[in-house]
Amino acid sequence: MKQDKIIRVILMTVACTAILGLVVIAVFIFKEGMPIIVRLGGREFFLSADWDPKAGRFGIRSMILGSLMVTGGAMVIGVTFSLGLAVVLTEFSPPLLTRILKPVIELLAGIPSVVYGFVGVVTLVPLIQNHLGGPGLSVLAASIVLGIMVLPTVTSISVDALHAVPRAYREGSIALGATRWQTVHMVLFKAARSGIVAAVILGMGRAIGETMAVIMVSGNTLAAPRGLLEPVRTLTANIALEMGYASGDHRQALFATGVTLFAFIMILNTIALTVSRRQGQGVRAT
Amino acid sequence: MNNLSVRILVLGTLIAVLSAVGGCRREEGGGTINAVGSTSLQPFAELLAQEYEKKNPGWKVDVQGGGSTAGLQAVTDGLAQIGMCSRELTPDEAAKFTPIVIARDGLAIVVNPDNPVRELKIDQIRGLFSGRIRSWKDVGGKDEPVRIITREESSGTRDCFVHLVMGKEKISREALVQESSGAVKELIKGNPAAIGYISLGLVGRELKALIVDGEAPTAANVLAGKYKLARPLLFVTKGEPSPPAKKFIDFVLLPESQKTLEAEGLIRAR
Amino acid sequence: MRLAPVAAERLVVAVLWIMAAITVGVLFFIIAFILAHGLPHVSWGFLTQSPGKMGREGGIFPMIVATALVAGIAVILAAPIGVATAIYLTEYTREGRLTAAIRFGAGCLAGIPSILYGLFGFVFFAITLGLGLCVLSGALALALMVLPTIIRTSEEAIRAVPPAYREVSYGLGSTRWQMVTRVVLRSALPGIVTGIVLSLARCIEETAVVMLTAGSAMRLACSPFDSCRPLSLHFYILSREGISMEKAYATAAVLVIVILVINFFAYWLVHRFIGKAGRHV
């Protein structure tokens with residue numbers, strides 16, 4: 001029993017250190033970023049579109065808009081195709097094909113973001129520029145690239161969620177006379193909802209947080225985009241482009257941008273938590 | 001996992017580690033010099049760093065980018081002994097740092113080779129970049145909206161451009177921001193309506209550099225002072241350079257090193 | 001016009017198959033594009049030489065070493081700490097508000113943009129602790145980045161082990177630690193190992209963090225305090241500065257292959273373990 005006590009103490013120390021370390025990061029980001037938000041006032045920081053570090057003006061509205069537009073676009077593209085692929089893999093494809101494709105898609109989740117960005121710059125941007133107009137570096141380009149980047153993640157989690165739905169649900173639905181597609185969208189989607197929502201939230205988090213690929217294909221203009229073919233700057237690109245040399249107020253403003261991103265993720269995770277809790281009270285899918 | 005695969009894995013890792021370590025041989029009397037700053041200067045500094053290391057075994061010169069202002073910040077923070085700066089120091093900065101001119105460079109205003117415009121006045125360039133002049137036809141080109149390409153704010157190239165060309169006018173908020181000269185080049189190569197600015201030494205044959213105020217953008221014109229868009233390339237230290245840093249800076253100022261820089265498209269310091 | 005269910009079904013299934021084909025096609029295209037452009041320039045010399053002329057010539061050996069060092073140290077630090085923390089949270093504490101809060105916090109930290117870890121690493125490790133831009137700063141920043149993920153995946157894997165296993169172990173007279181190591185961990189190992197290996201892949205592909213913390217010297221790093229340039233950063237610099245498109249593609253090809261191999265390895269590991277330990281769900 002003494003050995004157990006020692007081990008417990010060791011584990012507790014390690015765990016507390018780890019948690020402490022992570023708390024330090026969160027505290028650090030907030031400590032560096034909050035003062036300037038407080039000093040400028042929430043309205044000036046979040047609602048002003050005037051980002052001019054040399055003149056001391058730090059309004060991130062264009063960047064917030066940029067991040068929202070690009071993430072929204074990425075989700076529309078990513079989720080549609082992911083769910084389509086997930087449904088095909090679980091419901092309509094022969095088991096052998098699924099067994100081969102699912103791990104392959106998971107493998108693709110590891111491709112570096114700079115590679116996606118690079119392929120986007122070299123293939124997608126000229127395509128958009130020559131056939132759709134605008135400079136090519138645009139909300140559309142960023143949305144497509146990000147949408148492709150979140151595909152593997154959202155697909156594999158959705159596949160897991162759909163697989164977890166008991167066979168009885170499918171069989172019951174077919175027994176009642178539904179076609180397979182009706183089964184999918186009337187029964188399975190509802191039953192697997194919490195898993196699918198988790199997948200979408202995860203994908204969204206990845207899209208909002210992506211930095212390198214977005215810098216390469218979005219154009220990074222300060223002006224807010226007026227359309228899908230216009231260039232845009234996201235919150236993450238703002239931090240990456242200016243951090244190396246920022247000092248004083250400017251550095252604090254960039255940390256404050258980090259705080260904004262942190263807040264976004266916390267909101268997303270809270271939504272995920274609430275949805276899963278509500279799902280747990282309703283239909284049980286496991 | 002079975003025994004064989006474990007053994008192979010361990011053996012493989014050992015071999016990899018040993019071969020990596022084998023590549024590092026510690027020499028006597030050496031040290032490291034850190035140079036951080038302008039991405040425009042970085043390739044040239046790296047070239048000279050390699051030659052310096054060949055002639056001074058045991059010494060390492062680490063060259064990193066990040067932008068001119070980032071370089072100054074790194075010197076202030078103590079992360080580097082030498083800051084690489086591709087613009088003049090501001091009066092505030094001049095009070096804190098010691099600059100040494102190691103080369104000169106022209107700032108080229110570049111457009112796509114398909115763009116019919118060949119020369120512009122400074123005021124026109126200012127108008128194009130500020131958004132005052134929106135279409136190429138207002139300066140003698142095709143009827144197309146102008147696509148402005150600029151560098152990120154920490155870039156010395158950008159600071160230099162703003163200082164020499166823009167003056168009081170600001171670069172348009174609709175300008176596309178790219179974080180390296182290479183990216184600017186690629187963008188202009190692919191867009192006939194684009195205009196940007198890069199170091200004269202990087203223009204190459206794929207872009208067209210404009211004649212500014214009647215003077216052609218050549219090294220000779222920069223040296224003669226005729227082509228006005230020019231800047232000094234600086235190695236900056238906090239106060240007097242430390243002895244190791246000074247050795248490297250002296251090396252860079254040697255005639256052979258200056259010839260190497262000229263071969264790469266820069267202009268000698270004196 | 002409402003279609004009869006059977007006709008609607010056929011249409012929708014056709015659309016779904018097309019969507020699926022497009023999706024898989026695009027993903028394969030990206031890999032094929034990189035490999036087609038890059039593999040012709042990858043040779044044994046490329047993998048073992050150092051770069052010259054800013055990367056225009058030569059190879060990427062120092063970059064491979066840099067990646068191995070930075071990612072390796074990061075995972076060696078984060079994995080034991082993360083797994084130990086997960087064990088403590090699940091086996092040695094009672095489920096309650098505190099553990100739920102920690103879980104939420106870890107989930108948030110696992111999801112924040114990686115560049116924030118780069119920021120933290122830059123200001124804390126490089127400047128405040130005085131480590132400078134080096135292998136160690138990069139590795140520490142990466143370790144912090146993957147720690148929450150390792151904690152969460154290990155926790156989920158451990159919680160998935162049926163309570164019955166624990167009860168049986170106690171019933172046979174084991175101590176808690178014996179139960180944890182011989183029963184719980186053995187069952188949860190596939191999930192834990194997958195989490196660790198995927199974190200390794202993430203460290204290898206991460207660019208924003210190392211850009212701000214590891215420096216970018218092209219030389220072989222001989223000590224943890226040397227500046228280094230991992231593969232992903234090298235690829236980014238080569239392609240953005242337009243230094244050499246061939247070398248850039250070749251670097252990307254190496255990166256892609258390394259990551260595919262690691263992911264494949266993780267997948268193989270899991271299935272080997274499941275084969276040996278038997279299904280436990």
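The values are calculated or read from the model by the stated rules, or taken from the named source; none is laboratory data. This one's a predicted model, so the numbers in the text were calculated from it and none came from an experiment. Cβ sites come from the backbone with ideal geometry, for glycine too, and all protein chains shown count toward neighbours.
Quick notes on this one:
- Qualifying residue in the stretch A:33-54 (condition: over 24 Å from the mean Cα position of the chain (by Cα), farther than 24 Å from C:Tyr236 by Cα and facing chain C (nearest Cβ under 10 Å)): no
- Candidates B:Glu119, B:Glu206, filtered to the one that is within 14 Å of chain C (Cβ to nearest Cβ) and over 30 Å from B:Gly83 (Cα atoms): B:Glu206
- Across the stretch A:211-253, the qualifying residues are those that are assigned to a helix (DSSP H, G or I), in contact (Cβ under 8 Å) with a residue 40 or more places away in the chain and over 22 Å from A:Ser113 (Cα atoms), and the one among them that is farthest from the other protein chains (Cβ to nearest Cβ) is A:Asp249.
- Residue within the stretch A:68-83 that is away from every other protein chain (no Cβ under 11 Å), farther than 30 Å from C:Thr67 by Cα, among the small types (Gly, Ala, Ser) and touching a Ser or Thr at 6+ places or on another chain (Cβ under 6 Å) present: yes
- Of the criteria (1) more than 20 Å from A:Ala272 (Cα to Cα); (2) of a type in the set (A, V, I, L, M, F, W, C); (3) modelled with pLDDT under 85, which one C:Leu98 fails: (1)
- When B:Leu128 is tested against (1) under 19 Å from the mean Cα position of the chain (by Cα); (2) in a helix (DSSP H, G or I); (3) modelled with pLDDT of 90 or more, only condition (1) is not met.
- The stretch C:229-253 - residue that is β-branched (Val, Ile, Thr) and buried (at least 24 other Cβ atoms within 10 Å of the Cβ) and, of those, nearest to the other protein chains (Cβ to nearest Cβ): C:Ile237
- Subset of the stretch A:222-249 [touching a strand residue (DSSP E or B) at 6+ places or on another chain (Cβ under 8 Å) and modelled with pLDDT under 90]: A:Ala224, A:Pro225, A:Leu241, A:Asp249
- Residue within the stretch C:261-278 that is in a loop (DSSP other than H, G, I, E, B), more than 16 Å from C:Leu142 (Cβ to Cβ), touching a residue at least 40 places away in the same chain (Cβ under 8 Å) and in the same structural domain as C:Thr153 (by TED's automatic domain parsing) present: no
- Out of B:Glu88, B:Glu93, sole residue that is of a type in the set (D, E, K, R) and either within 12 Å of the chain's Cα centre (by Cα) or assigned to a helix (DSSP H, G or I) (or both): B:Glu93
- Yes/no for A:Met266 being farther than 22 Å from B:Val177 by Cα, buried (at least 24 other Cβ atoms within 10 Å of the Cβ) and within 18 Å of the chain's Cα centre (by Cα): no
- Hey, C:Glu91 facing another protein chain (nearest Cβ under 9 Å), surrounded by fewer than 20 Cβ atoms within 10 Å (Cβ to Cβ) and at pLDDT below 85 or not: yes
- Checking B:Ser86, B:Ser40 one by one, the residue that is closer than 25 Å to B:Tyr227 by Cα, in contact with a strand residue (DSSP E or B) (Cβ under 7 Å, 6 or more places away or on another chain) and modelled with pLDDT under 80 is B:Ser40 and no other.
- Counting residues in the stretch A:49-68 that are closer than 29 Å to A:Arg193 by Cα, free of Cβ contacts under 8 Å to residues at least 24 places away in the same chain and not in a helix (DSSP H, G or I) gives zero.
- Near pairs, Cβ below 8 angstrom, 6+ apart or cross-chain, from the stretch C:144-157 (in contact (Cβ under 8 Å) with a residue 24 or more places away in the chain) to any residue that is of a type in the set (Lys, Arg): C:Met145/C:Arg202; C:Val146/C:Arg202; C:Thr149/C:Arg202; C:Arg152/C:Arg103; C:Glu155/C:Arg103
- Criterion (exposed (fewer than 14 other Cβ atoms within 10 Å of the Cβ), assigned to a helix (DSSP H, G or I) and modelled with pLDDT of 90 or more) met by exactly one of C:Ile81, C:Ile73, C:Ile18: C:Ile18
- Taken across the stretch A:15-23, residues that are in a helix (DSSP H, G or I), touching a Phe, Trp or Tyr at 6+ places or on another chain (Cβ under 8 Å), surrounded by 13 or more Cβ atoms within 10 Å (Cβ to Cβ) and more than 10 Å from chain C (Cβ to nearest Cβ) do not occur at all.
- Qualifying residue in the stretch B:141-160 (condition: at pLDDT below 90, part of a helix (DSSP H, G or I) and surrounded by fewer than 24 Cβ atoms within 10 Å (Cβ to Cβ)): yes
- Checklist (1) surrounded by 23 or more Cβ atoms within 10 Å (Cβ to Cβ); (2) without any contact (Cβ under 8 Å) to a residue 24 or more places away in the chain applied to B:Gln124, failing item: (1)
- Qualifying residue in the stretch B:58-69 (condition: surrounded by fewer than 18 Cβ atoms within 10 Å (Cβ to Cβ), farther than 27 Å from B:Ile211 by Cβ, in contact (Cβ under 8 Å) with a residue 24 or more places away in the chain and of a type in the set (Gly, Ala, Ser)): yes
- Criterion: touching a residue at least 12 places away in the same chain (Cβ under 8 Å) and more than 30 Å from C:Val270 (Cα to Cα) - qualifying residue of A:Val139, A:Val165: A:Val139
One line per residue, one yes/no per condition, for (1) at pLDDT below 90; (2) closer than 25 Å to C:Trp268 by Cα:
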residue	(1), (2)
C:Ile127	yes, no
C:Gly130	yes, no
C:Leu144	no, no
C:Arg152	yes, yes
C:Glu156	yes, yes
C:Pro163	yes, no
C:Val180	yes, yes
C:Arg186	yes, yes
C:Thr194	yes, yes
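- Some residue of the stretch A:151-173 being more than 24 Å from A:Val104 (Cα to Cα) and within 13 Å of chain C (Cβ to nearest Cβ): yes
- Hits in the stretch B:37-48 - residues which are in contact (Cβ under 8 Å) with a residue 24 or more places away in the chain and not in a strand (DSSP E or B): B:Ser38, B:Thr39, B:Ser40, B:Leu41, B:Gln42, B:Pro43, B:Phe44, B:Ala45, B:Leu47, B:Leu48
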